[in-house]
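Below is one structure; the comments refer to it alone.
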Amino acid sequence: MTTAVITPEEIIKKGKIVFEKTKLINDGALSYCPGCGHGVAHRLVMEVVEEMGIWQDTIGVAPVGCSVLAYEFMNIDMQQAAHGRAPAVATGIKRVFPEKFVFTYQGDGDLAAIGTAETIHACNRGENIVIIFVNNGIYGMTGGQMAPTTLSGMKSSTSPYGRVVETMGHPLKITEMVATLPGVAYATRQAVHEAKYVRKAKKAIRKAFENQRDNKGTSVVEIVANCNSGWKMTPVESNKWLEENMLAYFPLGDIKK
Amino acid sequence: MTEEIIIAGFGGQGVLSMGKILAYSGIMQDQDVSWMPSYGPEMRGGTANVAVILSNERISSPILNEFDTAIILNQQSMDKFESMVKPGGLLLYDPNGILHHPERKDITIATIEGAKEASALKNKKTFNMIVMGAFLKIHPIVKMDNVHKGLEQSLPERHHHMIPLNEDAIKVGMAKVKIIHDLKRIAVEN
Amino acid sequence: MKQVKLMKGNEAMAEAAIRAGADAYFGYPITPQSEVIEYLMVEEPHKRTGMQVLQAESELAAINMVYGAAACGKKVMTSSSSPGISLKLEGISYMAGAEIPCLIANVMRGGPGLGTIQPGQSDYFQATKGGGHGDYRLITLAPSTVQEMADFVDLGFELAFKYRNPVMILSDGAIGQMMEKVYLPNQKERLTNDEIIKLYGSWATTGKPESRSRNIITSLDLKPEKQEIHNIHLQEKFKAAEENEVRFEEIQCEDADYILVAFGTSARISQKVVQLARNKGYKVGLIRPITLWPFPKKPIAKYANKVKGFLSVEMNAGQMVEDVQLAVEGKAIVKHYGRMGGMIPTPADVLNALEEKLISNK
Ligand SMILES: Cc1ncc(C[n+]2csc(CCOP(=O)(O)OP(=O)(O)O)c2C)c(N)n1
Ligand code: SF4
Ligand SMILES: [Mg+2]
């Protein structure tokens with residue numbers, strides 16, 4: 001097999017498009033720190049929505065967290081929910097618009113701390129929605145406080161000497177938890193910090209939206225991501241740290257399918 | 001005496017800590033002080049500024065629309081704060097990266113090549129102390145022994161070995177400050 | 001000698017909680033007050049005094065943790081900023097009903113909704129007029145300096161236990177984030193369990209010994225006759241607080257033609273306006289309510305016949321101004337000047353407003 005080598009000149013040559021941003025991601029700068037995992041996760045969700053041809057029928061719910069402005073970046077109808085309440089808001093939308101595609105996009109603090117009750121009960125009702133759960137093990141937005149998913153011993157501004165599980169609880173594997181609920185059709189954990197993971201994550205998101213199309217119940221796609229700012233690392237360091245530490249505790253793959 | 005100062009530049013330039021050291025130095029000479037920063041995640045890699053007030057009286061408003069001194073470390077801050085210097089006040093800036101230099105004739109204008117001098121010292125972190133030295137040369141509002149105490153108070157103990165380096169940087173700033181427009185006819189010996 | 005430090009308002013409040021001998025703090029991160037819990041986590045007060053600190057999963061959880069711990073007669077505190085306080089209101093109403101003392105700090109930001117993370121004062125109504133359901137009042141302290149952020153913690157606990165009612169420190173993002181010189185209070189010992197039983201054993205759930213009947217903490221009474229009696233009892237407490245706890249500061253009001261009324265950050269700005277106005281030859285004074293509830297009605301009313309007008313300066317659309325109007329009872333002009341959405345008025349803005357709304361109107 002010969003691999004095609006593309007020269008820069010060829011790339012520039014008109015008509016040779018090798019990559020195109022989905023039209024569902026708006027032009028203009030994202031508000032994320034350079035190197036942050038949120039940007040790729042946004043792109044994948046929007047690519048799937050575009051490829052399935054459902055953008056006119058898709059309503060997204062943005063959380064409170066760094067992705068609070070997701071509605072600025074995703075060129076579809078979006079709502080912005082109070083902190084942790086996105087699954088309840090999505091429930092409301094889906095109940096009045098059962099034929100629409102509804103998804104939430106939430107961080108770990110939003111989904112697994114303040115919104116635990118909303119998460120569990122939406123899943124338990126088997127709400128026919130997609131939950132995209134970006135787990136970066138920290139509260140990025142508010143400046144790096146401990147999240148429910150912060151690893152044992154991991155430092156944050158509210159666990160300055162490292163998370164002590166005896167008093168602060170254990171990092172919460174909420175995707176495993178909700179996978180036990182009969183209402184959940186699909187629960188999976190993915191990552192986006194390298195191309196090979198990105199491809200798989202996109203397949204998972206696609207499957208989640210197809211489940212919604214087929215009325216199968218709740219689909220939860222967890223994406224383990226870096227927060228280089230919150231972790232106080234360079235983007236490259238944070239990807240390495242993610243691989244070595246986050247993935248050791250939060251193993252990738254389908255939990256329920 | 002009351003000195004109302006705005007220090008403004010990029011996040012990461014040590015703007016906030018310069019203000020803190022000035023404020024602590026003020027406390028060491030029994031003054032009232034306030035330190036009012038811009039805050040929030042929008043500061044990530046963006047602009048940072050802090051209004052610092054040192055006074056012998058009870059400080060009223062920490063929020064100000066005019067300043068005795070503006071210490072300006074990037075163009076955005078120049079655009080925002082040049083006009084807010086009180087007539088007769090001081091504008092001190094690092095010309096590095098400044099495209100539109102200040103043109104006011106009713107204030108004293110001085111420059112300090114902070115970035116350049118910091119790389120000459122082979123330590124980028126001395127930048128803010130170089131700039132502070134330049135300011136203290138023109139307006140010696142805090143005495144050097146109080147600055148020393150202020151450094152002791154504001155730096156965590158594990159960084160105390162850095163105090164001499166910081167003091168050297170202040171001296172560099174004092175030596176290298178240049179008066180561009182001398183309203184008060186302050187003699188600065190280079 | 002008291003220890004002097006340069007601290008943020010949020011940090012000073014956290015340190016003061018340790019020094020007040022607080023038993024516990026429960027919170028949830030939110031800008032611009034996350035430094036409170038961050039500071040406590042760094043300080044590890046369980047090592048200094050035995051004080052417990054926990055990051056809850058939400059403000060709803062945090063306030064209910066406060067409910068449980070405070071109902072045991074312990075000194076308990078929580079803090080948040082505007083959207084988080086909205087979540088706590090349910091718990092606050094329950095605590096007022098069940099007569100549980102506790103301290104809540106709101107480091108306000110601009111609203112409504114998620115609003116902004118910049119400073120605001122738009123939760124004045126929420127704090128002073130109820131906010132939660134039912135007939136209750138929150139004793140509300142409004143610090144305007146970092147020193148008061150520290151001092152009002154101990155005062156707040158004292159008032160909370162005196163009236164067995166929640167007390168709120170109503171601050172804002174500017175005071176929370178600002179650093180000033182602060183003299184820290186000396187460390188108070190935490191009460192021992194025996195002391196708690198002695199002081200609060202008549203109501204707190206400290207464990208029922210043979211010697212007394214059980215203590216029940218509840219805000220429920222299904223019999224309306226009895227619930228009304230309970231309400232009358234609460235109202236009597238609130239009346240007593242109105243008579244005894246009014247606190248305020250007066251600056252240059254004796255000869256004033258115009259009086260600014262302002263609290264917190266707005267009061268700091270207004271102090272400068274008093275100077276600027278007097279430099280221009282206007283006789284201007286300032287009344288700074290320190291307790292927003294009970295509101296200093298009489299001190300304001302005292303000037304109603306003497307001045308040409310009052311200007312209520314607030315970082316909101318006009319909330320406290322209604323209380324100023326009630327105090328003045330139509331005897332003088334009362335105007336409002338405010339900025340909203342996280343905007344902070346400058347001294348020049350306020351002076352302009354004073355000239356436009358009152359002075360040149362004459
Ligand atoms: C009721 C309420 N409490 C607290 C906050 C402050 N707050 C904003 S975002 C956030 C945490 C977000 O963390 P996460 O969900 O992990 O998202 P990330 O920023 O890491 O993507 C918090 C605590 C709020 N906005 N509302
Ligand atoms: S703080 Fe973290 S999660 Fe937020 S944008 Fe930056 S890297 Fe991403
Ligand atoms: Mg997170």
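Are any of the residues in segment C:287-301 part of a loop (DSSP other than H, G, I, E, B), free of Cβ contacts under 8 Å to residues at least 60 places away in the same chain and more than 20 Å from C:THR140 (Cβ to Cβ)?
So far as segment C:287-301 goes, no, none of its residues is part of a loop (DSSP other than H, G, I, E, B), free of Cβ contacts under 8 Å to residues at least 60 places away in the same chain and more than 20 Å from C:THR140 (Cβ to Cβ).
Being more than 13 Å from ligand 1 (Cβ to nearest atom) and at pLDDT below 95 is the requirement here; does A:ARG163 meet it?
For A:ARG163, the condition - more than 13 Å from ligand 1 (Cβ to nearest atom) and at pLDDT below 95 - is not met.
Go through segment C:112-144 and give me each residue that's under 16 Å from C:PRO289 (Cβ atoms) and either aromatic (Phe, Trp, Tyr) or in contact with a Lys or Arg (Cβ under 6 Å, 6 or more places away or on another chain) (or both).
Passing the criteria: C:TYR124, C:PHE125, C:SER144.
Would you check which residues across segment A:97-148 are polar (S, T, N, Q) and closer than 26 Å to B:TYR39 by Cβ and list them?
Hits for segment A:97-148 are A:GLN106, A:ASN136, A:THR142, A:GLN145.
Output yes when any residue across segment A:28-49 is away from ligand 2 (no atom under 16 Å from the Cβ) and more than 16 Å from A:ILE205 (Cα to Cα), and no when none is.
no
Looking only at segment C:267-286, filter to residues that are among the small types (Gly, Ala, Ser) and not in a loop (DSSP other than H, G, I, E, B); which one of those is farthest from C:THR128 (Cα to Cα)?
C:ALA277
With small (Gly, Ala, Ser), within 13 Å of ligand 1 (Cβ to nearest atom) and modelled with pLDDT of 95 or more as the only criterion, which of A:ALA204, A:ALA191, A:ALA225 stands out?
One residue alone meets the criteria, A:ALA225.
Among (1) without any contact (Cβ under 8 Å) to a residue 24 or more places away in the chain; (2) among the β-branched types (Val, Ile, Thr); (3) farther than 19 Å from C:THR31 by Cβ; (4) within 14 Å of chain C (Cβ to nearest Cβ), there is one condition A:ILE120 misses while meeting the rest; what is its number?
Condition (1) is where A:ILE120 drops out.
Can you tell me which residues in segment C:64-94 are of a type in the set (A, V, I, L, M, F, W, C) and within 16 Å of the chain's Cα centre (by Cα)?
C:VAL76, C:MET77, C:ILE85, C:LEU89, C:ILE92
Looking at C:ILE30, is it within 28 Å of A:ALA82 (Cβ to Cβ), in contact (Cβ under 8 Å) with a residue 12 or more places away in the chain, within 16 Å of ligand 2 (Cβ to nearest atom) and within 9 Å of chain A (Cβ to nearest Cβ)?
It is true that C:ILE30 is within 28 Å of A:ALA82 (Cβ to Cβ), in contact (Cβ under 8 Å) with a residue 12 or more places away in the chain, within 16 Å of ligand 2 (Cβ to nearest atom) and within 9 Å of chain A (Cβ to nearest Cβ).
Taking only pairs six or more apart or across chains, which ones have beta-carbon atoms under 8 Å, a first residue in segment C:348-359 that is within 15 Å of C:ASN279 (Cβ to Cβ) and within 14 Å of chain B (Cβ to nearest Cβ), and a second residue that is in a helix (DSSP H, G or I) and modelled with pLDDT of 95 or more?
Final answer for the pair search is C:ALA348/C:LEU276; C:VAL350/C:ILE269; C:VAL350/C:SER270; C:VAL350/C:VAL273; C:LEU351/C:VAL273; C:LEU351/C:LEU276; C:LEU351/C:ALA277.
Looking at (1) more than 11 Å from chain C (Cβ to nearest Cβ); (2) within 16 Å of ligand 3 (Cβ to nearest atom); (3) of a type in the set (Ser, Thr, Tyr), can you tell me which one A:TYR186 breaks?
The single condition A:TYR186 does not satisfy is (2).
Take segment B:47-67 and flag every residue that is within 14 Å of chain C (Cβ to nearest Cβ) and not aliphatic (A, V, I, L, M).
B:ASN49, B:SER55, B:ASN56, B:GLU57, B:ARG58, B:SER60, B:SER61, B:PRO62, B:ASN65, B:GLU66, B:PHE67 - these are the residues of segment B:47-67 that are within 14 Å of chain C (Cβ to nearest Cβ) and not aliphatic (A, V, I, L, M).
Any residue at all in segment C:38-54 that is of a type in the set (S, T, N, Q), within 14 Å of another protein chain (Cβ to nearest Cβ) and under 30 Å from C:GLY341 (Cβ atoms)?
No - not one qualifying residue is present in segment C:38-54.
How many residues are assigned to a loop (DSSP other than H, G, I, E, B) and either touching a Cys at 6+ places or on another chain (Cβ under 9 Å) or hydroxyl-bearing (Ser, Thr, Tyr) (or both) when one looks only at segment C:307-355?
Of the residues in that region, 2 qualify.
What strands (runs of 3 or more DSSP E) lie completely within segment A:33-152 and have 1 or more residues being crowded, with 24+ Cβ neighbours inside 10 Å?
So the answer is A:58-62, A:101-107, A:130-135.
Kindly provide the set of residues from segment A:207-247 that are charged (D, E, K, R) and more than 13 Å from the chain's Cα centre (by Cα), ordered by number.
Answer for segment A:207-247, where residues must be charged (D, E, K, R) and more than 13 Å from the chain's Cα centre (by Cα): A:LYS207, A:GLU210, A:ARG213, A:ASP214, A:LYS216, A:LYS232, A:GLU237, A:LYS240, A:GLU243, A:GLU244.
Run A:ASP110 past the list (1) closer than 23 Å to C:PRO83 by Cα; (2) more than 15 Å from ligand 2 (Cβ to nearest atom); (3) at pLDDT 95 or above; (4) out of contact with any strand residue (DSSP E or B) (no Cβ under 7 Å at 6 or more places or on another chain) and report the number of the one that doesn't hold.
For A:ASP110, the failing item is (2).
Which residues, taken from segment B:147-172, are within 22 Å of B:GLY114 (Cα to Cα), within 14 Å of another protein chain (Cβ to nearest Cβ) and touching a Lys or Arg at 6+ places or on another chain (Cβ under 9 Å)?
B:GLY150, B:SER154, listed by residue number.
Among the residues of segment A:195-236, write down those that are of a type in the set (A, V, I, L, M), within 23 Å of A:TYR139 (Cβ to Cβ) and surrounded by 23 or more Cβ atoms within 10 Å (Cβ to Cβ).
A:ALA201, A:VAL220, A:VAL221, A:ILE223, A:VAL224, A:ALA225
Among the listed residues C:GLU254, C:GLU250, which satisfies the condition of being over 21 Å from C:GLY110 (Cα atoms), more than 14 Å from every other protein chain (Cβ to nearest Cβ) and touching a strand residue (DSSP E or B) at 6+ places or on another chain (Cβ under 6 Å)?
C:GLU250
Here's the yes/no breakdown for (1) closer than 21 Å to B:GLU57 by Cβ; (2) free of Cβ contacts under 8 Å to residues at least 60 places away in the same chain:
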| residue | (1), (2) |
| --- | --- |
| C:SER219 | no, no |
| C:GLN252 | yes, yes |
| C:GLY264 | yes, no |
| C:ASN279 | yes, yes |
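From the list C:ALA317, C:ALA277, C:ALA301, C:ALA348, which one is surrounded by 17 or more Cβ atoms within 10 Å (Cβ to Cβ) and outside the structural domain of C:THR128 (by TED's automatic domain parsing)?
Among C:ALA317, C:ALA277, C:ALA301, C:ALA348, only C:ALA277 is surrounded by 17 or more Cβ atoms within 10 Å (Cβ to Cβ) and outside the structural domain of C:THR128 (by TED's automatic domain parsing).
Taking interchain pairs and intrachain pairs at least six residues apart, which have beta carbon atoms under 6 angstrom, with the first residue in segment A:62-78 and within 11 Å of chain C (Cβ to nearest Cβ) and the second among the polar types (S, T, N, Q) and in a loop (DSSP other than H, G, I, E, B)?
These pairs meet every condition: A:LEU69/A:SER31.
Going through segment A:86-100 one residue at a time, which ones are more than 18 Å from the chain's Cα centre (by Cα) and among the β-branched types (Val, Ile, Thr)?
A:THR91, A:ILE93, A:VAL96
Any residue at all in segment C:101-121 that's more than 13 Å from chain B (Cβ to nearest Cβ), among the small types (Gly, Ala, Ser) and surrounded by fewer than 24 Cβ atoms within 10 Å (Cβ to Cβ)?
Taking every residue of segment C:101-121 in turn, at least one turns out to be more than 13 Å from chain B (Cβ to nearest Cβ), among the small types (Gly, Ala, Ser) and surrounded by fewer than 24 Cβ atoms within 10 Å (Cβ to Cβ).
The values are calculated or read from the model by the stated rules, or taken from the named source; none is laboratory data. Here the structure is a predicted model, which is why all the values come from computation and not from measurement. Please note: Cβ atoms are built from the backbone with ideal geometry, for glycine as well, and neighbour counts cover all protein chains shown.
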